[in-house]
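The structure appears below as structure tokens.
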Amino acid sequence: MFDFLKKSTWSFVSVIVRSLSILLINKIFAIQFGTSGITLLAHFQNLIGIITQVPNDGVNRGIIKYWSGKELTKEDKHRLFMAGLIFNLILFFASAVIILFFQEYFFRDFDITLSNPFFLLLFFSGLLLFLIHLYLLSVILSFQRIKAYSIINMITAMILLGVIFIFSETSPLLHTLLAYVFSQALGLIFSLVYVFRKKYLKIRKASLPPDGFARLGDFVLMAFSVVIFGKLTDFIVRDYAIQHF
């Protein structure tokens, strides 16, 4: 009972810190960039969600399920980790190609095109690092390290708030949005150090399991439905509102 309360306290504090960070970030965008700024922030968050939600709600949830259970051996878990990592990369690059193919639609409200390849390179690089961070967080959560999971999330939220505050004072909106991606990706430093210090992973000894994709595939299919009827729908509705109002 005491252990449950202790873990719940860490989760509660983490939620409070992250909620306050999001609230203050929205306030900063509203003050610094006005109505259009807060609108484009929400639109930008939707775009990020379209790319990250399938790997996070699909692959990562599958990793938590199988790693936290006892039906797999330690070696099987490491092989499944490799399958999940490859699955994450495949989904990310597939999403990136689709979004770039339809970039006139997805980026038109931000005035970003392929004529600005440096921005796009930084955008997708930051998202890739962020995805790896989310994947490692799922590994930490599968070991029920709620305290470590909560602390890393709180540190990332405070870094995000600090970076946005600094960039919003001195940089244009697009640069601040780019900072929004990279400041979250900075959490990878802490999740990577923690995972390898605890020796949760031994990538050099891991190989790809033949049924790894099948185990995670069901979770990915469920996540696709959430993206299509959730994040993508929100993006389409908001884009319509921006174009017409």
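The values are calculated or read from the model by the stated rules, or taken from the named source; none is laboratory data. Keep in mind the model is a prediction, meaning the values are calculated, not measured. Here Cβ is always computed from backbone atoms with ideal geometry, including for glycine, and neighbour counts include all displayed protein chains. All accessible areas refer to the heavy atoms of the entire protein, side chains included, with ligands and DNA or RNA removed. Shrake-Rupley method; radii C 1.70, N 1.55, O 1.52, S 1.80 Å.
Quick one: in the range 170-197, of everything that is assigned to a helix (DSSP H, G or I) and among the small types (Gly, Ala, Ser), which residue is nearest to residue 110 (Cα to Cα)?
179
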* Selected residue (only one of 125, 95, 142, 138 is in contact (Cβ under 8 Å) with a residue 40 or more places away in the chain, among the polar types (S, T, N, Q) and under 29 Å from residue 39 (Cα atoms)) -> 95
* Structure fact -> When (1) closer than 30 Å to residue 242 by Cα; (2) touching a residue at least 40 places away in the same chain (Cβ under 8 Å); (3) not aliphatic (A, V, I, L, M) are applied to residue 88, the one that fails is (1)
* **Test: residue 31 is out of contact with any His (no Cβ under 6 Å at 6 or more places or on another chain), within 17 Å of residue 237 (Cα to Cα) and open to solvent by 30 Å² or more (accessible area, probe 1.4 Å)** => no
* Asked: Do we have residue 113 as at pLDDT below 90, out of contact with any Phe, Trp or Tyr (no Cβ under 8 Å at 6 or more places or on another chain) and open to solvent by 30 Å² or more (accessible area, probe 1.4 Å) here?
  -> no
* Close pairs (6 angstrom Cβ cut-off, 6 or more residues apart or separate chains): closer than 17 Å to residue 51 by Cα and open to solvent by 50 Å² or more (accessible area, probe 1.4 Å) in the range 229-245, among the polar types (S, T, N, Q) and at pLDDT below 85 anywhere -> 231/53
* Some residue of the range 160-171 being crowded, with 22+ Cβ neighbours inside 10 Å, of a type outside the set (Asp, Glu), in contact with a helix residue (DSSP H, G or I) (Cβ under 9 Å, 6 or more places away or on another chain) and under 30 Å from residue 34 (Cβ atoms) -> yes
* To do: Might you let me know whether the range 156-169 holds any residue that is aromatic (Phe, Trp, Tyr), part of a helix (DSSP H, G or I), over 18 Å from the mean Cα position of the chain (by Cα) and modelled with pLDDT of 90 or more?
  => yes
* **Answer from 103, 53 - the residue that is open to solvent by less than 30 Å² (accessible area, probe 1.4 Å) and within 15 Å of the chain's Cα centre (by Cα)** => 53
* **Restricting the range 56-100 to residues that are in contact with a Lys or Arg (Cβ under 7 Å, 6 or more places away or on another chain) and among the hydrophobic types (A, V, I, L, M, F, W, C), the residue that is surrounded by the fewest Cβ atoms within 10 Å (Cβ to Cβ)** => 67
* To do: Determine whether residue 125 is in a helix (DSSP H, G or I), open to solvent by less than 10 Å² (accessible area, probe 1.4 Å) and either in contact with an Asp or Glu (Cβ under 6 Å, 6 or more places away or on another chain) or at pLDDT 85 or above (or both).
  => no
* **Condition met for residue 44 (in contact (Cβ under 8 Å) with a residue 40 or more places away in the chain, over 15 Å from the mean Cα position of the chain (by Cα) and surrounded by 19 or more Cβ atoms within 10 Å (Cβ to Cβ))** => no
